[in-house]
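A short write-up of the structure that comes next.
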Amino acid sequence: MKWVWSAIALLLGRGRRAPARVDRQRLIVEQPPSRRGENVVLVLLGLATLSFAAFVAVYALDRLPAQTQLFGITLGLGFAFAAAACIVTSRLLVPVEEISDPYANEPHEEAVAEIEQLVEESGSRLTRKRLLTVAALGTGGAMGAALLAPVASLGPVVGPDALRRDGWRRGMLLVDSEGRPLSADGVEPGTFYTAFPAGASHDELWAPLVVVRVTDTLELPEGRDPQRWAPEGIVAYSKICTHAGCAIALYRSPLNEETSMKPALVCPCHYSTFDPARGAKVLFGPAGRPLPQLPLQIDDRRRLRAGGHFSGNVGPSWSGVRRGRA
Amino acid sequence: MVRVALVVVAALTLAAGASAANGRDLYFANCVWCHGDRLQGVPASGPSLQGAGALAADFYLRTGYMPLRSPRQKPTRRPPHFTEPELRALISFVAAHGGPPVPRVHPERGNLAAGLELFTEHCAGCHQMAGAGGIVTGTSVPSLRSATATQVAQAVRIGPYLMPRFGEQAITPRQLDSLVRYVLYTDHPRNRGGWAIGDLGPFPEGIVAWLVAGIALLALARVIGEGLER
Amino acid sequence: MILRRAVRFVDERTGAAPLLGKALRYVFPDHWSFLLGEIAMYAFLVLVATGVYLTLFFEPSLAKTVYHGQYAPLDGVHMTKAYASAVDLSFRVKAGLLMRQTHHWAADVFLVAIVLHVWRVFFTGAFRKPRELVWYVGIAMLFTALLEGYLGYSIVDDLLSGMGLAIGYSVALSIPVIGGNLGLLLWGGPYPGVPQFESRMYIAHVLIFPLLIGGLLALHLALIVARHHTQFGGPTRSERRVGGLPAFPGYAPRSIGLFFGVVSMLFLLGGLVQINPIWLWGPYEISQGTNGAQPDWYLGWLIGALRITPGFDLTIGNYTLVPNPFWGGVLLPLAVVAFLVLWPSIERRMTGDRAYHNLLDRPRDNPTRTAVGAAVLTVLAGVFFAGAGDRFDVSFGIPYGSQIWFWRAFTFVLPFGVFWLVRRFCRDLAADDESEPATGYEPGAPTA
C-alpha cells in the first residue's frame, strides 16, 4: 500500500529538475509554463485512453448492435482526443520559437567541375571510346529486350483474332439465365429477355444476348432478310455495348408509343441508345457502331435457335473491329 | 317485413347506382378527353382502357400517375387526385369494362436471394440495384422507395409509360413474390456500415469525401498551422 | 541521464548524432496550406495499415463458390471467392467492415488531399526552379494513386466495379493500332480475360503500386529537404533565408496532431458512413448492369468525358483508327499529364525567368499562370460534372439529353472566358496592391 501512495506522489509531484548546466548556453529561449495547458492535455489524454479502452471493450463484448458504428466512434474519438492533446501541447506546452536557416541554393560549381573531370580522366585509357559506348548501349538494349520479352506471355498478343471470337453456330439453342430454352411464343412484345447459348459459359463476351419482339415496322440493314434475322418480329442482339463493354440492361418500352417514344435498348454506363427495329442502329450516345445482330430460327418445337454468326464483331471497338470475323 | 326489405333494396340500389354514376361522372370529368367516351382510347392522346381492368386503374390512380394534364406530360408519382370513395368508384367503373383484377402478391412467401437475382436481371438497369431510380434515354426512372407490394406487382404486369411489361411467362407469380420481397427489402436495407447516403454508391461518397472530410481536414490544417506571431 | 545514454549508444554505433541534431532543428515554414501534402501522406499510411489487415482476409480468386452467410439476400447465390471473401469481411470478420470502409474512405480522402495539395503548389508557383523534380515526382504519384484506387475497388468483383473494368478494357482497346494487342496482353484474352487477371490486379494493388508510391514519396520528401520548403514572403522572410518552426520541439506535436486528426477522421467515416456496400450491388456478371453506375470520385472526370463524346469511331475504310472511348479515356488524361509535366518548362519559356524561387507567389502575382490553371480546372470541372448528369436529371429534372450540350459548352467554350476573366481579376487585384511580388534569386547576383 505504501508503494501505491509513493507511485502516485511521484507521478503527481513536480518532479526534480535536472541540475543546471552552468557551462552551456541555453539553446531554447526560456518561456513561462502553463499549468492550465498541462491540465487540459492530461484531461484529453485521459479521454483518449477511455475511448481506446472502449474500443477494446466493444471488440470483446461482441454481437453489439451497430457494432461497426461503435468501433468507428470509439477509435475515431480516441484519435481525435489524442490529436487535440497534441495541438494543445504545440500551442501551450512547447517552447514557441522561430528559427531560420539559409536556403543555400548556390550550385556547387567546384564539385560539379570535379565530377566532370573525374569522369573524363577515368576514360583516359580508352582509345575507341565511341565504339565501346555504342557496343555497351547495344548490349544494354538487348539485355532490356530480353528481360522484357517474357511479358508477352501475359496474353495472345500477336494477331488479335481472339477478339473476333464468336461461339454461336447455326442451330444452337437459346436459353435463359436458368438454362431453360427460350420459346418464340414466350417472347411477348413490350418485354426484353437475356439469353445465352445452351451449355456454354455465360462469361464469354459473345455469349449474352438481348432478345425482343418488334411490333413497329422493321427496317433492317441491307442484306438482312427478315425471315432469317427477325422471324415473327423476334430480334436478337449482342447484349454487350459496342461503346465500352457494359451490358445493355435497359429497355425503353412505351405503353403508348404515340405520346412517348419508340422502343430502344439502352446501356446504363454512358446511355448509348440502340433501335431494335433498325438493326440496333445508334440513336443517341457515344457508341460508334450498332449492336451486332444474331440471325434466328424457330425450330419445330417453337424454340429459338441461332441462325448463324453475329452480323459483326462483338464488344467494344478496336482497330480491326469492322473487318471480317474468324 | 316486405316493406322494410323493399326499402333496404331500394336504398342499396340507389347507393350502388349513385356510386356507379359517381364513377362514370368522375371518368367523364377527368379521363374522357384522352381515353374516349367508350374507353376506346383517342389517337395521339391516350390508349384504350378496355381490358385494362382494376390492375391498371388501381395502379395509376393510387400512385397519382394519372390523371395527366396533357398526353405528352411525363407521369410523376404524387398523392392521388381523388378521395378514397372516388378512387373506388372510378376503379370499379374502369374495371367494369373488362380486364385483370388487382393482383395479390405474397412477398412473405418469396425468397430474398431469388428476388435479388430477378431484380438484377430485369429491373436494376433502370431502377438501380437499391431501387433508387435513375434515367433512361428520354426520361427519368422513379425510385421504388414509396412503392407498395401491390404497386410493384402492378407495374411489372402493366409496364407503365416507358417501362417494359413482364407477363406471367416472363416472371411467374412465384418469382413475382420473390421480386416484390426484394424490392420491399431495398426500402430498408441492412446498412451495417452506417449512414447509407442514399445507397447510390460513389456519387454521394465523393460528396462526403469533399464536403465532410475535405472541409474538416482543411479546418484542422488551419487550426494546427496558425502562424507564429510576427 | 537515460536520454544521454541512449543517444550516445546510437551515436557510437552509427555516428548519427550530428545528423540527428540537424534534423531536430530542421526549419518548417509555417503556413496551414503547407500541411495539405502531409494530410495526403497520413492518408497513405492509413491505407497501408488497413490494407495489410484486409490482405489477411481477402481471397483474390475468381473461382466460383456459393455464399452461405449472414447476409440473407445473397444466401445461395453463385459468386466468385473474391466477392464472397469481401462480403465475409463485411459481415463475419469482427471490425472487418470498419477496416474495409476506413480503407476505402482513406483512398477517397487521399486523392482529395493530393488534389488540394497540387492546386496549392500550382497556384503559388512552388514548382519553379529549383523544385521541378519535386513536381514531376508528385505528378507521378498523383496518377499512380488514381490507378491504384481503381485497381483496389475492382479486385472485389462486385457488379459496380466490374462494369468499370469493362470500360477500362474498352479504353485500352481504343488506343489506335495497338489497342487490341494491349487489351489482350493485359487481360490474357478477350474480356473478361483469364482468371489470372484478378491476380495481376491484386499484386499490382497490394505490392507493386504501394512500393512505387512509397518510393516516390521518399524521393519527394528527400528532394524537398535537400532544397528546403518554399515559404510565403513577409517582413522577416527572404529568398535567402527560410524562417519557421524547428522540427523539434515546435513542429513535431503539430505533425503528430495532424496525423492523429487524419486517422480520427478516417475511422469516424469508416464506422459511421457506409461506403461501397458491395453486398447491395451483388456479384459481377458481364451480362448484367445497374443504373447509376459510377467510378470512384477521382475518376469522375473520365466517365463524364466518355459520356459527352459524340458517337463515332474514326475509320479509314474498314480500318478503325480511333475507337470512340479514346478521346475521353486516353487523350484527355494524356493531355492533363502533358499539361502538368510541361507547365514548369512552358512558364519558364514564357517568362524567361531562370532564377531560383524560394518565395511563393500569391495567385494574383502571376495572372497568366492563375488564369491558365483556372481554365484547365474549368475543363476538368466540366467533364467531372457531366459524369453526374444522370443524377442531376433525377434530382432536378433537367433532361439528360439537353445537359450533354450544356456540359460540352462548359468544357470547351467556358474555359476561354474563365481565362480572360481570371487574368483580368488578378491584374486588377495586383494593381491595387502595394507590395511587390518576389522576383526570385539568381545565385551569385548582388542581393537587393
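Highest GNM mean-square fluctuation among A:Gly315, A:Gly123, A:Gly72, for chain A modelled with Cα contacts below 10 Å: A:Gly72. Ignoring lysines fewer than eight residues from C:Lys94 along the same chain, the ones with Cα atoms less than 27 angstrom from its Cα are C:Lys64, C:Lys81. Once you have a ≥ b ≥ c as the square roots of the Cα gyration tensor eigenvalues for the protein assembly as shown, tell me rounded if a/c is under 1.5, and otherwise prolate or oblate according to whether a/b is larger than b/c. Prolate is the answer for the protein assembly as shown, as a/c is 1.5 or above and a/b outweighs b/c. Applying both filters, DSSP loop and at most 15 other Cβ atoms within 10 Å, to the trypsin sites (Lys or Arg not before Pro) of the range A:271-311 gives A:Arg301, A:Arg302. For the protein assembly as shown, the antiparallel share of DSSP beta bridges with both residues in that region comes to about 95%.
Taking other Cβ atoms within 10 Å as a rough exposure proxy, A:Cys267, B:Cys34 sort from fewest to most as B:Cys34, A:Cys267. Net charge dipole, the range A:162-322: roughly 480 debye, given to the nearest 20, about the Cα centre with Cβ charges of +1 for Lys and Arg and -1 for Asp and Glu.
Of the residues A:Thr259, C:Thr320, B:Thr148, the one with the fewest other Cβ atoms within 10 Å heads the list, and the complete ranking is B:Thr148, A:Thr259, C:Thr320. Would the range A:162-322 count as rounded, prolate or oblate if I go by the C-alpha gyration tensor, calling it rounded below 1.5 in a/c and otherwise prolate when a/b exceeds b/c, oblate otherwise? In terms of gyration-tensor shape, rounded. When chain A is treated as a GNM with alpha-carbon contacts under 10 Å, the residue of A:Arg128, A:Arg91, A:Arg165 showing the greatest mean-square fluctuation is A:Arg91. From the Kirkwood radius over Cα pairs of chain B, Stokes-Einstein at 20 °C and 1.002 mPa s returns a whole-number translational diffusion coefficient of 102 µm²/s. Taking springs between alpha-carbon atoms closer than 10 angstrom, which of A:Leu47, A:Leu154, A:Leu255 fluctuates most in the Gaussian network model of chain A? Of A:Leu47, A:Leu154, A:Leu255, the Gaussian network model singles out A:Leu47 as fluctuating most. In summary, the lysines within cross-link reach of A:Lys281, defined as a Cα separation below 25 angstrom excluding same-chain residues under 8 places away, comprise A:Lys239, A:Lys262. Across the range C:234-249, rounded Karplus estimates of 3J(HN,Hα) from the backbone phi angles (6.51 cos²θ - 1.76 cosθ + 1.60, θ = phi - 60°) give x, x, 10, 10, 9, 5, 9, 10, 9, x, x, 8, x, 4, 9, x Hz, Gly and Pro being marked x.
With the convex hull of the Cα atoms taken as the outline of chain A, the averaged projected area works out to 41.0 nm². When DSSP beta bridges are restricted to pairs lying wholly in chain A, around 100% turn out antiparallel.
Sites count as exposed loop sites when they are GluC sites (Glu not before Pro), lie in a DSSP loop, and have at most 16 other Cβ atoms within 10 angstrom; the longest stretch of chain B without one is B:1-167.
Shielding value for B:181-192 is 3, the average number of Cβ atoms from other chains within 10 Å of each residue's Cβ. With neighbours defined as other Cβ atoms within 10 Å of a residue's Cβ, the residues C:Tyr83, B:Tyr182 order from fewest to most as B:Tyr182, C:Tyr83.
Which shape class applies to the range C:235-389: rounded if a/c is under 1.5, otherwise prolate when a/b exceeds b/c and oblate if not, where a ≥ b ≥ c are the square roots of the Cα gyration tensor eigenvalues? Here the range C:235-389 falls in the oblate category.
When shorter helices are ignored and each DSSP H run of at least 4 residues is given -39500 (n - 2.57), the per-residue value for the protein assembly as shown at 222 nm works out to -15500 deg cm²/dmol. Take each residue in A:43-50, count the other chain C-beta atoms within 10 Å of its C-beta, and the mean is 0. Sparse packing (at most 14 other Cβ atoms within 10 Å of the Cβ) combined with a DSSP loop state is found for the following GluC sites (Glu not before Pro) in the range A:149-225: A:Glu178, A:Glu219, A:Glu222.
The mean number of partner chain beta-carbon atoms within 10 angstrom of a residue's beta-carbon across peptide C:301-312 is 4.
We did not get these values from a lab; they are worked out from the coordinates using the rules stated. This one's a predicted model, so the numbers in the text were calculated from it and none came from an experiment. Neighbour counts run over all protein chains shown; Cβ positions are idealised from the backbone, glycine included.
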